[in-house]
Ligand code: KMH
Ligand code: ZN
């Protein structure tokens, strides 16, 4: 069976620090979380940054500090958000790309997002892709709704990006596609040839959808960005969400991919030779 790439999303933009003691808000705690999650089986980390006060920020200096703090602790694949937080401009959302993370998200269309709107018009998507090209950053396509794959195909047709890509199905966001096995099957059947895929499901859907993805041969994203609870009423630590999905993968005969295996599976450059942003040498695996 193919190894599973486990991505951890430990921060997000919607959680407030008072909701959980397990939200890493500064670069050292983010790096510590990355190290623990890597030890638990994560190959990739999806990064949002906060100020020391816990507010969302798109400041490239904060992302650079986060990148280097993580890299000094672990060899995990580092993926930045370009979704940012509702209310950020498209330019703000794209600004962390100048740090040249290995990957960054590209949400493939506008969706309702609770009571708000997460805006990803074609001009916004083209603009983010142009910045990714400029800085040599590989996209992970975030698909929240059934039409988003059609949008991605349109971007390919007009030459703004190429296939195959790594696609993350984000299911169960209030206002977008529900987290069901049937919806996931439909999306996987609609994927262009050669694409790899993972599932990130929201709240209590995280565990069952992760398990279904493991059984289907897909990859998995977990973490408190998407699901704050380990079980009913019990707040989760990021590393224990990773450890649980790694255990289930083992039971299903799926080995857990190392970061270097994930890089090879996703067509990313090996870590050796990559420059640290502020000169801190990469940690040994
Ligand atoms: N916080 C959401 C508005 C991403 O990271 O690319 C967007 C988001 C998606 O979290
Ligand atoms: Zn995110």
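The values are calculated or read from the model by the stated rules, or taken from the named source; none is laboratory data. Because the structure is a prediction, the values reported are computed rather than measured. For neighbour counting, all protein chains shown are included, and Cβ atoms are generated from backbone atoms with ideal geometry for every residue, glycine included.
Among 283, 213, 249, 201, which is the only one that is surrounded by 14 or more Cβ atoms within 10 Å (Cβ to Cβ) and either modelled with pLDDT under 95 or out of contact with any strand residue (DSSP E or B) (no Cβ under 9 Å at 6 or more places or on another chain) (or both)?
283
Among the listed residues 225, 240, identify the single one that is closer than 17 Å to residue 45 by Cα and more than 16 Å from ligand 1 (Cβ to nearest atom).
None of the other options fit; the residue is 240.
Could you say whether any residue in region 33-47 is within 14 Å of the chain's Cα centre (by Cα) and assigned to a loop (DSSP other than H, G, I, E, B)?
Yes; the residues of region 33-47 include at least one that is within 14 Å of the chain's Cα centre (by Cα) and assigned to a loop (DSSP other than H, G, I, E, B).
I'm told residue 32 meets every condition in (1) out of contact with any strand residue (DSSP E or B) (no Cβ under 9 Å at 6 or more places or on another chain); (2) within 16 Å of ligand 1 (Cβ to nearest atom); (3) under 24 Å from residue 207 (Cα atoms) except one. Can you identify the failing condition by its number?
(2)
Name every residue in region 115-150 that is touching a helix residue (DSSP H, G or I) at 6+ places or on another chain (Cβ under 9 Å) and within 14 Å of ligand 2 (Cβ to nearest atom), in order of residue number.
Those that are touching a helix residue (DSSP H, G or I) at 6+ places or on another chain (Cβ under 9 Å) and within 14 Å of ligand 2 (Cβ to nearest atom): 120, 128, 139, 140, 141, 142, 143.
Go through (1) farther than 20 Å from residue 121 by Cα; (2) surrounded by fewer than 20 Cβ atoms within 10 Å (Cβ to Cβ) and name the single condition residue 79 misses.
(2)
Yes or no: region 106-114 includes at least one residue that is within 16 Å of ligand 2 (Cβ to nearest atom) and farther than 25 Å from residue 177 by Cα.
Scanning region 106-114, I find no residue that is within 16 Å of ligand 2 (Cβ to nearest atom) and farther than 25 Å from residue 177 by Cα, so the answer is no.
Kindly establish whether residue 75 is assigned to a loop (DSSP other than H, G, I, E, B), farther than 25 Å from residue 42 by Cα and touching a residue at least 12 places away in the same chain (Cβ under 8 Å). Write out each step before concluding.
On the way: assigned to a loop (DSSP other than H, G, I, E, B): yes; farther than 25 Å from residue 42 by Cα: no; touching a residue at least 12 places away in the same chain (Cβ under 8 Å): yes.
Answer is no for this residue.
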